[in-house]
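Asks: Below you will find the structure I want to go over with you.
The values are calculated or read from the model by the stated rules, or taken from the named source; none is laboratory data. Fair warning: this is a prediction, and the values are worked out from it, not measured in the lab. We place every Cβ from the backbone using ideal geometry, glycine too, and count neighbours over all the protein chains shown.
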Amino acid sequence: MRKNRQINLIIILSFWLVMPLSGIAQSVQKWGKVSEDDLQMTTYAPDPTCTAVVLQDVGSIVVKDLRDHWGVNFERHRRIKIFDPVNFDPGQLLIYFRSNQNLEKITGVDVQMFYPDGRRIKISEDNIFTEAINPNWSAKKIFLPNLQPGCIVEYRYELRSEDIVTLHDWNFQTEIPTRWSEVTVITPNLLEYANLINRPRDFDVQEVETTNVLASDGNRVPAKLQRFGFANLPALNEEPFMTTIEDYRANIGFQLSTINYTDRPIERYMTTWSNTAFQLENHERLGVQYRKHQRFDRLWKTFVDEVGPVSDRKLLPEIALRTVSKYLKWNGQYRIFTDASLDDAYDRQSGSSAELNLAMVALLQRAGIDAVPVLVSTRSHGSLRPQYPFYEQFNSIVAYVRQPGESGVLLDATDPYQPVNELRDEHYNGGGWQLDSRNPEWLVMLPPLIDENWLGNMALNEDGSMSGHFSLSVAGPIAADWRLELDHGTPDQVMRKRFGSHHTDLRFDSIEIEGEKMLDQSLHANVKCRVKGAADRVNSFIYCKPVLDFFMMENPFKTSERLFPVNFPYFHRANYVLNLDLPLGYRLEEVPEAVKFLLPRDGGKLIFSVTAVSERRVQLVLKMELSQLDFMPEDYGSLRQFFELMIDKTQTQLVLKKS
Amino acid sequence: MPYTKFLTLFWLLAITPLVAQNTSYSCDQIPPALLPFAHSVIRQSETVLKIKNDRTIVEEQRYAVTILDPMGKRESRLSIYENEFQKIRQLKGKVFDAGGTLLRESQKSDVKSFSASDVAEYSDGHWEILEMDHHSYPYTVEFTSRVEYDDFFWGDSYQLQKLGQSVEKASIQLVAPVGFQFKWKALNTQVQAFQHEEDKKHSWTWEFSELGALPSEPFTPYFNEELVQLAIIPEQIRMGEYQGVASTWRDLGRFFYDINTNRDILSPEMTATIQQMTAGKSDAEKVEILYRYLQQNHRYISIQIGIGGWQTLPAQFVEQKKYGDCKALSNYMKSMLKVAGIEAWQALVYAGEKGAPSLYNDIPYPRFNHVILYVPKQDMWLECTSTSNPTGYLGSFTSDRRVLLLTPDGGVLRQTPGMTAQDNVRYSNTDIVLYEQGNATIQNRVKALGEPHDVYREWISKKKQPEIERDFVEQAPFGIGKINRLQLTAQPKRPEAEARYSVETNNFATRSGKRMFVPVNKANPLRRTLPDDEMRLTRLSLPDAFTWQDTLHFTLPAGFVLENAPPAQEIFADFGSYHLEVQALSENKILAIRNIEIRPVDVEAKRYQEVRKFYQDMAKADASQFVLVKQN
């Protein structure tokens, strides 16, 4: 009997506990107890050049029953060893909290410092400042006096919030290396949460236990305790061409999914996408805005005026886009909810992405067109989590017109220079979710293609100058940039910036721009130009560089290795064709070899060739195509090679000899 | 009845001005002469500075600006700083359309607060910002504001216009009790003050009208000294409980000296330590020892509270906390030197790589943002926020400009030492071994003196080797496949640094068929150009001065011979010189020598193209290449 009970105990214990991997179980050191080893540490072996290392970062999130409402208590104890006080980033000692409407309150900030010689100093309150950063956020700033190399600083604080739907999230990783980071979450069984995990590898500690917590009526209620931890996480640093470093940061968030009532049916908070859609369709600052006509009567009147006599309904989406971009300016904010009503935004003449794009949905729906909002998470905001039906993962909205049997049309009024079916780059992050409670489907949104074409007919003169015509045509998002610049400056200024910027002695004799106002069509520029110094004459040779402009003239990928995937926001195609008449008496001494380079798995291609069309005319062709957006670190080498080769070809020189 | 009619008419007339005033914002009314180069036009601007008494000043401002195009967009936002001494009593805005019709007025909730400090800083001041936007151009924004200054006033400078902005009508008025004394100076204008006395108050009014716009052009003297400005500084100034006189630089210096005096008491322990460190040493040695001590044990952190923007924290603060801002660290250094028996003075300076605004002899209008220290007996300047500068070295941050020394006898203007092209030298000795595919091994030894050495010193003090290597790869003008060696060293006592590196690069020369094109200066390109502008209107200012002397040895790959070497290049001008020669030393060795001297440029607009041509000629020469051909 006794033996069985012992076995049962073991089984029960091991059922609830996942043993941490041996050797990694850092016993978390209590406040004030610093090990001698840590004090004497002069370098952190996994990253010997760091300015500081987080020795331990321990958080606890407890959802508490506070009588008439729920609250969340977040406690944190963080300890950092500082090797280099001068270059240590003071941002590591900033505690941000939401101060608007007192959503979050910080209490009890304690800070102390330990010196290698064993002294312990409590940091007094006159070294801690509270500052309002902007209307929504404030921060506690800790300034450490008498900081020496080898010092250890630890601080702890409590943060209270009433948001039990989205709990305070926890970043395991930061911009300096972290030796140990863990968070414990205690939630009463009444409230069930989905764990939103972003991790580079398996947790070093992942535990679940049953426990209980004190309820407001004095009784104890069952609760769940979860613990997650990582050891030895490296410092995170951004690399060029990424969506956002946040996609790669080890992090955990908690989203309310179910309320497990004992005396009535359970309430699914995170229910289904259908229910979430229904919720949002009936939300005063989302669905109600486009479903209730009084919210946008004034905007509607203006739209009706803009439509005028036009009767072709197929033109309405474009007119809606034009109307909203004309009367409302984007204020730079990404939102899913409006501030007030759509008409208020119309009166103010500015709005967030929610206001601008819901305005289009409102107008089109009222006009009888099947338009819905599509909720997205911008590139900087991070990836979507389609498996968890909660709307807090979105931070922006675009509009979508559905057409049965055809592919629909996307609309984004935040950039007045973009046509129908083109969004700003931040909105292209894989896709979005259509807000329609009867049909809440995900929509794959592939970014458009940037297409640049240069066609030149030039003559090379004996003095080394090149003169003639070039026609440029650009389509896709890059055309929006051109149009923006043409609005801000003269055609000469824009051409100077966008064509041949590597040649300082480039003169434009005439510039004709076509299609500037036709947003859905490509933009053309026809220029007559002269480039002095396009070629060097040395003895009986002329060395000429015929590529005046291309997609890129300098390699952006300089490092030999890369940790994170490369992500381009757009597909890209660039074609450069130059027909060059040679000066009298000169011939092409040697035809450069043709080149064809393919990226693995059809990721892209590069083509280069020079042909002698006749005795005095040469044609150079340089074509580049990037047909893939994501490149894994393993493919970085070939990607880098691709760019190197492309830049090399932009520097091609033609060798002419006097015959 | 005629009498009633007259009354009605009278009331109508009394009301209409409000309406008439708005329609005057119609964009049709802008005089055509004010449109060229303008992205915005100040339609009318009224600033009234009321000196209520010796403690309180109220500044009221109402101005209307028409924004013509997106480049003038920033005019739609007004930011006003607020702190313990200056409180914003009113901040409102209105938007009018192109025809001058009022579209909307701001609400209190439209004014938003933002922090004024950076991560490593704390200040008890912040910004209040109001933005009035509109969707189509042109449109007009009118701002009305009132700021009250209590216990704080030393003067103000009004910039009547910005680059790319013209002014239709503007006025500045100062109203003060009779007997109020002050000095004023106007730049780039002949305006005189119109005076009027009434009710025991004296007013001075300066009026401006029809100021054409000056375009925003690159490399203008940084402080827009060609625009119309008005500086006002009262004779009596105050900050908190401190009062002073500001009629001359001497007096103003005395005021700042008084605010910052007697804050140099160190603890007995610290005093003893300093005496110990400096016992038996010469004055020069004492400065060196104490400066090094400051550099090695203290950090820069900026905390500004109250008049803390102007008054240093006491020396004991820095002693205990081991950090401080530029004032506190300078004051601390001064306190340590005092213990060692050496006198030093704080110097107020405008710091920045681009230079400093002028200080005028006839009006002590202060334009400073930093404090350094001057040791008169040694004629030495100390940058107390730098943890790695050699003792006495300022660097381009504060060199070659007038500063205000705070001496016990009052303020004295003095010029900090400048560095010429002869002081700022970079020597390099480069060996480039070329291979058949166009790749190369580059070995370079660079010695930098003066300003060119600043960046090496900064890297060494702030970065560790892996970060140095990573940044080196990212900033190199050629692609690096592998770093064999990279070593940076900086001399502790001289502004001198050295970089030695050996790298493998993939694309140094380009191959085409049987030829190889080798760019002579790819390892150290000059890269200095000016955009084309035949109609430049503003002065051109390029303050740097430096000399480069480069020797390059190329080893050709087997099987290649020299087909063509570039001719020697010589360029001479007032602005500098360029010399390049390339010669074959043997069948497979080529030597290139390049000498460049760049002198500071400060010329009127009409010489712009001349300067541009000089840089273009140099860029062309710098792009020289020699061509190799493969022999079968």
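Asks: If we scan the stretch A:60-76, do we find a residue that is of a type in the set (A, V, I, L, M), in a loop (DSSP other than H, G, I, E, B) and within 12 Å of chain B (Cβ to nearest Cβ)? If you could, list the steps in order and put the result at the bottom.
Replies: Narrowing the stretch A:60-76 to residues of a type in the set (A, V, I, L, M): A:61-63, A:66, A:72.
If we keep only those that are in a loop (DSSP other than H, G, I, E, B) as well, we get A:66.
Filter once more, keeping what is within 12 Å of chain B (Cβ to nearest Cβ): none.
Among the residues of the stretch A:60-76, not one is of a type in the set (A, V, I, L, M), in a loop (DSSP other than H, G, I, E, B) and within 12 Å of chain B (Cβ to nearest Cβ), which makes the answer no.
Asks: Right, next: Of all residues in the stretch A:425-435, which are surrounded by fewer than 20 Cβ atoms within 10 Å (Cβ to Cβ) and touching a helix residue (DSSP H, G or I) at 6+ places or on another chain (Cβ under 7 Å)?
Replies: Narrowing the stretch A:425-435 to residues surrounded by fewer than 20 Cβ atoms within 10 Å (Cβ to Cβ): A:425, A:430-431, A:434.
Once the filter is applied, which keeps residues that are surrounded by fewer than 20 Cβ atoms within 10 Å (Cβ to Cβ) and touching a helix residue (DSSP H, G or I) at 6+ places or on another chain (Cβ under 7 Å), the stretch A:425-435 yields only A:ASP425.
Asks: Considering only the stretch B:90-111, state which residues are assigned to a loop (DSSP other than H, G, I, E, B) and without any contact (Cβ under 8 Å) to a residue 60 or more places away in the chain.
Replies: Kept after step one, since they are assigned to a loop (DSSP other than H, G, I, E, B), are these residues of the stretch B:90-111: B:97-101, B:106-107, B:111.
B:ASP97, B:SER106, B:GLN107, B:VAL111 - these are the residues of the stretch B:90-111 that are assigned to a loop (DSSP other than H, G, I, E, B) and without any contact (Cβ under 8 Å) to a residue 60 or more places away in the chain.
Asks: Now for a different question. Answer yes if at least one residue in the stretch A:534-549 is away from chain B (no Cβ under 13 Å), within 22 Å of A:ASN457 (Cβ to Cβ) and either surrounded by fewer than 20 Cβ atoms within 10 Å (Cβ to Cβ) or of a type in the set (A, V, I, L, M, F, W, C) (or both), and no otherwise. Quick ask: steps written out before the conclusion?
Replies: Of all residues in the stretch A:534-549, those away from chain B (no Cβ under 13 Å) come to A:548-549.
Those still in the list that are within 22 Å of A:ASN457 (Cβ to Cβ) too: A:548-549.
Imposing the further condition that a residue be either surrounded by fewer than 20 Cβ atoms within 10 Å (Cβ to Cβ) or of a type in the set (A, V, I, L, M, F, W, C) (or both) reduces the set to A:548.
There is at least one residue in the stretch A:534-549 that is away from chain B (no Cβ under 13 Å), within 22 Å of A:ASN457 (Cβ to Cβ) and either surrounded by fewer than 20 Cβ atoms within 10 Å (Cβ to Cβ) or of a type in the set (A, V, I, L, M, F, W, C) (or both).
Asks: For the stretch B:506-555: of the residues being out of contact with any Ser or Thr (no Cβ under 8 Å at 6 or more places or on another chain) and polar (S, T, N, Q), which is farthest from A:ASN555 (Cα to Cα)?
Replies: B:THR547
Asks: Regarding the stretch A:450-472, can at least one residue be identified that is surrounded by fewer than 16 Cβ atoms within 10 Å (Cβ to Cβ) and assigned to a loop (DSSP other than H, G, I, E, B)?
Replies: yes
Asks: At least 2 residues that are out of contact with any helix residue (DSSP H, G or I) (no Cβ under 7 Å at 6 or more places or on another chain) in each: list the strands (runs of 3 or more DSSP E) lying fully within the stretch B:376-464 that qualify. Explain how you work it out, then say what you get.
Replies: Values: elements: B:380-382, B:402-407, B:410-415, B:425-434, B:440-449.
Ranges flagged: B:402-407, B:410-415, B:425-434, B:440-449.
Asks: Quick check on my filter: what residues within the stretch A:400-411 are without any contact (Cβ under 8 Å) to a residue 60 or more places away in the chain and either crowded, with 22+ Cβ neighbours inside 10 Å or not basic (Lys, Arg) (or both)? It would help to see each step written out before you state the result.
Replies: If we filter the stretch A:400-411 for residues that are without any contact (Cβ under 8 Å) to a residue 60 or more places away in the chain, which is where we start, we get A:400, A:402-408, A:410.
Those that are without any contact (Cβ under 8 Å) to a residue 60 or more places away in the chain and either crowded, with 22+ Cβ neighbours inside 10 Å or not basic (Lys, Arg) (or both): A:TYR400, A:GLN403, A:PRO404, A:GLY405, A:GLU406, A:SER407, A:GLY408, A:LEU410.
Asks: Take the residues in the stretch B:82-115 that are within 14 Å of chain A (Cβ to nearest Cβ) and among the aromatic types (Phe, Trp, Tyr); name whichever of them is farthest from B:HIS135 (Cα to Cα).
Replies: Only one residue fits best here, namely B:PHE114.
Asks: Working only within the stretch B:531-554, note down all residues that are surrounded by fewer than 21 Cβ atoms within 10 Å (Cβ to Cβ) and in a loop (DSSP other than H, G, I, E, B).
Replies: Correct list: B:PRO531, B:ASP532, B:ASP533, B:GLU534, B:MET535, B:LEU537, B:ARG539, B:PRO543, B:ASP544.
Asks: If you don't mind, there's one more thing I want to ask. What about B:PRO557, is it within 14 Å of another protein chain (Cβ to nearest Cβ), part of a loop (DSSP other than H, G, I, E, B) and over 31 Å from the mean Cα position of the chain (by Cα)? I'd like the intermediate steps shown before the answer.
Replies: Details: within 14 Å of another protein chain (Cβ to nearest Cβ): no; part of a loop (DSSP other than H, G, I, E, B): yes; over 31 Å from the mean Cα position of the chain (by Cα): yes.
When the stated conditions are applied, B:PRO557 does not pass them.
Asks: Next up: With (1) within 25 Å of the chain's Cα centre (by Cα); (2) in a strand (DSSP E or B); (3) within 14 Å of chain A (Cβ to nearest Cβ); (4) not hydroxyl-bearing (Ser, Thr, Tyr) as the list, and B:VAL119 as the residue in question, which single condition is left unmet?
Replies: Unmet condition: (2).
Asks: Shifting gears a bit: Does the stretch A:523-532 hold any residues that are surrounded by fewer than 19 Cβ atoms within 10 Å (Cβ to Cβ) and either assigned to a loop (DSSP other than H, G, I, E, B) or within 13 Å of another protein chain (Cβ to nearest Cβ) (or both), and which are they? Walk me through it before giving the result.
Replies: Step one: of the stretch A:523-532, the residues surrounded by fewer than 19 Cβ atoms within 10 Å (Cβ to Cβ) are A:524, A:526, A:528, A:530, A:532.
Those that are surrounded by fewer than 19 Cβ atoms within 10 Å (Cβ to Cβ) and either assigned to a loop (DSSP other than H, G, I, E, B) or within 13 Å of another protein chain (Cβ to nearest Cβ) (or both): A:ARG530, A:LYS532.
Asks: Quick check on the stretch A:577-595. Is at least one of its residues β-branched (Val, Ile, Thr), part of a strand (DSSP E or B) and surrounded by fewer than 17 Cβ atoms within 10 Å (Cβ to Cβ)? Write out each step before concluding.
Replies: Pass one, the stretch A:577-595, residues β-branched (Val, Ile, Thr): A:577, A:591, A:595.
Those left that are additionally part of a strand (DSSP E or B): A:577, A:595.
Next, only the ones that are surrounded by fewer than 17 Cβ atoms within 10 Å (Cβ to Cβ) stay: A:577, A:595.
Yes: the stretch A:577-595 contains one or more residues that are β-branched (Val, Ile, Thr), part of a strand (DSSP E or B) and surrounded by fewer than 17 Cβ atoms within 10 Å (Cβ to Cβ).
Asks: A:GLY218 versus (1) under 32 Å from the mean Cα position of the chain (by Cα); (2) outside the structural domain of A:PRO440 (by TED's automatic domain parsing); (3) modelled with pLDDT under 95: which is the lone unmet condition?
Replies: Answer for A:GLY218: the failing condition is (1).
Asks: What's the number of the only condition in (1) within 14 Å of chain A (Cβ to nearest Cβ); (2) assigned to a strand (DSSP E or B); (3) among the small types (Gly, Ala, Ser) that B:ALA619 fails to meet?
Replies: For B:ALA619, the exception is condition (2).
Asks: Further, regarding this structure: For residues that are assigned to a loop (DSSP other than H, G, I, E, B) and either more than 10 Å from every other protein chain (Cβ to nearest Cβ) or exposed (fewer than 15 other Cβ atoms within 10 Å of the Cβ) (or both), tally how many sit in the stretch B:479-508.
Replies: Initial filter on the stretch B:479-508 (assigned to a loop (DSSP other than H, G, I, E, B)): B:479, B:491-495, B:506-508.
Filter once more, so that each one left must be either more than 10 Å from every other protein chain (Cβ to nearest Cβ) or exposed (fewer than 15 other Cβ atoms within 10 Å of the Cβ) (or both): B:491-495, B:508.
The number of residues fulfilling the criteria is 6.
Asks: Among the listed residues B:THR273, B:THR220, B:THR278, B:THR248, identify the single one that is surrounded by 14 or more Cβ atoms within 10 Å (Cβ to Cβ), free of Cβ contacts under 8 Å to residues at least 40 places away in the same chain and not acidic (Asp, Glu).
Replies: On the way: B:THR220 fails: free of Cβ contacts under 8 Å to residues at least 40 places away in the same chain; B:THR278 fails: free of Cβ contacts under 8 Å to residues at least 40 places away in the same chain; B:THR248 fails: free of Cβ contacts under 8 Å to residues at least 40 places away in the same chain.
Going through B:THR273, B:THR220, B:THR278, B:THR248 in turn, just one is surrounded by 14 or more Cβ atoms within 10 Å (Cβ to Cβ), free of Cβ contacts under 8 Å to residues at least 40 places away in the same chain and not acidic (Asp, Glu): B:THR273.
Asks: Right, next: For the condition loosely packed, with under 14 Cβ neighbours inside 10 Å, at pLDDT 90 or above and either under 34 Å from the mean Cα position of the chain (by Cα) or not assigned by TED's automatic domain parsing to the domain that holds A:ASP549 (or both), what is the one hit in A:LYS497, A:LYS517?
Replies: Values: A:LYS497 fails: at pLDDT 90 or above.
Going through A:LYS497, A:LYS517 in turn, just one is loosely packed, with under 14 Cβ neighbours inside 10 Å, at pLDDT 90 or above and either under 34 Å from the mean Cα position of the chain (by Cα) or not assigned by TED's automatic domain parsing to the domain that holds A:ASP549 (or both): A:LYS517.
Asks: Here's a follow-up. Do you know which residues across the stretch B:171-195 are farther than 18 Å from B:ASP156 by Cα, free of Cβ contacts under 8 Å to residues at least 24 places away in the same chain and outside any strand (DSSP E or B)?
Replies: Passing the criteria: B:GLY179, B:GLN190.
Asks: Now for a different question. So which of A:THR338, A:THR323 is crowded, with 21+ Cβ neighbours inside 10 Å and within 14 Å of another protein chain (Cβ to nearest Cβ)?
Replies: On the way: A:THR338 fails: within 14 Å of another protein chain (Cβ to nearest Cβ).
After applying the criteria, what remains is A:THR323.
Asks: I'm checking my understanding of the structure. Among residues of the stretch B:41-90 that are under 28 Å from the mean Cα position of the chain (by Cα) and of a type in the set (Lys, Arg), which one is farthest from B:SER203 (Cα to Cα)?
Replies: B:LYS73
Asks: Moving on. So if I check each of A:LEU598, A:LEU656, A:LEU584, which one is touching a Lys or Arg at 6+ places or on another chain (Cβ under 7 Å), away from chain B (no Cβ under 14 Å) and farther than 27 Å from A:GLU422 by Cβ? Step through it out loud before you land on a result.
Replies: Working: A:LEU656 fails: away from chain B (no Cβ under 14 Å); A:LEU584 fails: touching a Lys or Arg at 6+ places or on another chain (Cβ under 7 Å).
When all the criteria are applied, what remains is A:LEU598.
Asks: So B:ASP133 fits all but one of (1) in contact (Cβ under 8 Å) with a residue 40 or more places away in the chain; (2) assigned to a strand (DSSP E or B); (3) not aromatic (Phe, Trp, Tyr); what number is the exception?
Replies: (2)
Asks: Let me ask something else. What's the total number of residues in the stretch B:316-334 that are within 14 Å of chain A (Cβ to nearest Cβ), in a helix (DSSP H, G or I) and either surrounded by fewer than 24 Cβ atoms within 10 Å (Cβ to Cβ) or hydroxyl-bearing (Ser, Thr, Tyr) (or both)? Before you say what the answer is, go through the steps one by one.
Replies: As a first pass, look at the stretch B:316-334 and keep what is within 14 Å of chain A (Cβ to nearest Cβ): B:316-325, B:328-329, B:332.
Keeping just the survivors that are in a helix (DSSP H, G or I) gives B:316-321, B:328-329, B:332.
Cutting the leftovers down to either surrounded by fewer than 24 Cβ atoms within 10 Å (Cβ to Cβ) or hydroxyl-bearing (Ser, Thr, Tyr) (or both) gives us B:316-317, B:319-321, B:332.
Residues meeting the conditions: 6.
Asks: What residue, of A:GLN92, A:GLN101, is part of a helix (DSSP H, G or I) and out of contact with any strand residue (DSSP E or B) (no Cβ under 8 Å at 6 or more places or on another chain)? Don't jump to the end; show me each part of the working.
Replies: Details: A:GLN92 fails: out of contact with any strand residue (DSSP E or B) (no Cβ under 8 Å at 6 or more places or on another chain).
Selected residue: A:GLN101, the only one of A:GLN92, A:GLN101 that is part of a helix (DSSP H, G or I) and out of contact with any strand residue (DSSP E or B) (no Cβ under 8 Å at 6 or more places or on another chain).
Asks: Could you tell me how many of the residues in the stretch B:283-315 are buried (at least 20 other Cβ atoms within 10 Å of the Cβ), more than 25 Å from the chain's Cα centre (by Cα) and facing another protein chain (nearest Cβ under 10 Å)?
Replies: Selection size over the stretch B:283-315: 1.
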